[in-house]
1. Check segment 130-138 and report whether any residue there is farther than 19 Å from Ser23 by Cβ and among the aromatic types (Phe, Trp, Tyr).
2. Looking only at segment 88-110, count how many residues are within 16 Å of Cys171 (Cα to Cα), out of contact with any helix residue (DSSP H, G or I) (no Cβ under 7 Å at 6 or more places or on another chain) and of a type outside the set (Gly, Ala, Ser).
3. Any idea which of Glu232, Glu222 is more than 20 Å from Pro103 (Cβ to Cβ) and either outside any loop (DSSP other than H, G, I, E, B) or assigned by TED's automatic domain parsing to the domain that holds Asp122 (or both)?
4. Please specify each residue of segment 217-238 satisfying the condition of being farther than 16 Å from Arg34 by Cα and either buried (at least 19 other Cβ atoms within 10 Å of the Cβ) or at pLDDT 95 or above (or both).
5. Is it the case, given these coordinates, that Val46 is touching a helix residue (DSSP H, G or I) at 6+ places or on another chain (Cβ under 9 Å), β-branched (Val, Ile, Thr) and assigned to a helix (DSSP H, G or I)?
6. Taking Ile126 as the residue in question, decide whether it is modelled with pLDDT under 95 and either of a type in the set (A, V, I, L, M, F, W, C) or not in a helix (DSSP H, G or I) (or both).
7. Can you confirm whether Asn67 is crowded, with 16+ Cβ neighbours inside 10 Å, touching a residue at least 40 places away in the same chain (Cβ under 8 Å) and more than 17 Å from Pro48 (Cα to Cα)?
Amino acid sequence: MLPAYTKSHDHKESVDMKSKLYSYWRSSAAFRVRIALNLKGMDYEVIPVHLNKNGGEQLSESYASKNPNRLVPLFEDGEQTIHQSLAIIEYLDEIQAEPALLPKSPIDRAWVRSLAMDIAIDIHPISNLRVLRYLIKQVGASSEIKDAWYQHWIQLGLTSVEQQLSADSRCGKFAFGDQPGLIDICLVPQIFNALSMKMDMRAYPTLMKIFNECMKLPAFIEASWEKQIDGEGPNPSS
């Protein structure tokens with residue numbers, strides 16, 4: 001069971017109003033936010049935005065009027081909207097303190113943020129859907145070159161994260177201690193991507209240990225690909 005959600009912020013919207021998450025089942029960024037919402041036990045409605053159908057529903061004018069970036073996720077809390085997954089997650093952590101997704105110590109918070117950014121800012125953006133589409137349609141890259149590009153940047157990034165976590169005593173059952181938090185929220189979707197590309201994960205024993213612990217938890221399971229209302233396939237096998 002996920003923990004109950006009690007709104008603690010001072011917005012004037014009805015406490016019965018359900019927050020909305022514009023999401024795509026395979027979007028890593030939306031996946032992060034789904035995990036965070038589930039860990040917090042927050043009640044929310046998923047609004048699917050298909051990134052492939054009709055040329056990409058995120059590119060429509062109706063969606064762009066909500067999010068000019070034309071990306072998912074987008075989080076609506078009453079009349080307020082927030083884009084960018086890390087900003088949404090930190091907002092959730094600020095309006096509901098428990099369970100905390102960031103540690104209390106400033107130096108530990110900075111360390112956790114840095115690892116999360118290694119994944120969400122350095123690895124993910126250069127291997128996401130619009131970049132891969134550009135490689136094929138505009139640069140003329142073959143599928144083989146596109147796949148090599150994808151795996152190169154993921155391998156480079158995961159190697160760095162593996163080295164950092166395996167050498168740091170703050171890493172426990174999860175990336176920071178024995179409770180899941182921001183690093184784990186970012187790590188799991190990225191490993192889903194790697195597994196979907198049939199990457200050899202034996203070089204990342206620490207990351208896979210953390211991944212397997214996360215995937216025992218309802219918050220991660222319910223946020224996963226195959227559990228989404230717009231899901232079109234199973235989770236990748238490890």
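The values are calculated or read from the model by the stated rules, or taken from the named source; none is laboratory data. All of these numbers come straight from a predicted model, not from anything done at the bench. All Cβ positions, even for glycine, are placed from backbone atoms using ideal geometry, and neighbour counts span all protein chains on display.
1. From segment 130-138, those farther than 19 Å from Ser23 by Cβ are 131-138; that's our starting set.
Cutting the leftovers down to among the aromatic types (Phe, Trp, Tyr) gives us 134.
Checking segment 130-138: at least one residue is farther than 19 Å from Ser23 by Cβ and among the aromatic types (Phe, Trp, Tyr).
2. The total comes to 4.
3. Numbers: Glu232 fails: either outside any loop (DSSP other than H, G, I, E, B) or assigned by TED's automatic domain parsing to the domain that holds Asp122 (or both).
Only one candidate qualifies: Glu222.
4. Within segment 217-238, Glu232, Gly233, Pro234, Pro236 meet the criteria.
5. Details: touching a helix residue (DSSP H, G or I) at 6+ places or on another chain (Cβ under 9 Å): yes; β-branched (Val, Ile, Thr): yes; assigned to a helix (DSSP H, G or I): no.
Taking the combined requirement at face value, the residue does not satisfy it.
6. Numbers: modelled with pLDDT under 95: yes; either of a type in the set (A, V, I, L, M, F, W, C) or not in a helix (DSSP H, G or I) (or both): yes.
The answer is yes for Ile126.
7. Numbers: crowded, with 16+ Cβ neighbours inside 10 Å: yes; touching a residue at least 40 places away in the same chain (Cβ under 8 Å): yes; more than 17 Å from Pro48 (Cα to Cα): no.
It is false that Asn67 is crowded, with 16+ Cβ neighbours inside 10 Å, touching a residue at least 40 places away in the same chain (Cβ under 8 Å) and more than 17 Å from Pro48 (Cα to Cα).
For every residue, the table says whether it meets (1) part of a loop (DSSP other than H, G, I, E, B); (2) of a type outside the set (Val, Ile, Thr).
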{"position": "Ile82", "(1), (2)": "no, no"}
{"position": "Glu90", "(1), (2)": "no, yes"}
{"position": "Ala100", "(1), (2)": "yes, yes"}
{"position": "Ile107", "(1), (2)": "no, no"}
{"position": "Arg113", "(1), (2)": "no, yes"}
{"position": "Ala116", "(1), (2)": "no, yes"}
{"position": "Ala120", "(1), (2)": "no, yes"}
{"position": "Ile136", "(1), (2)": "no, no"}
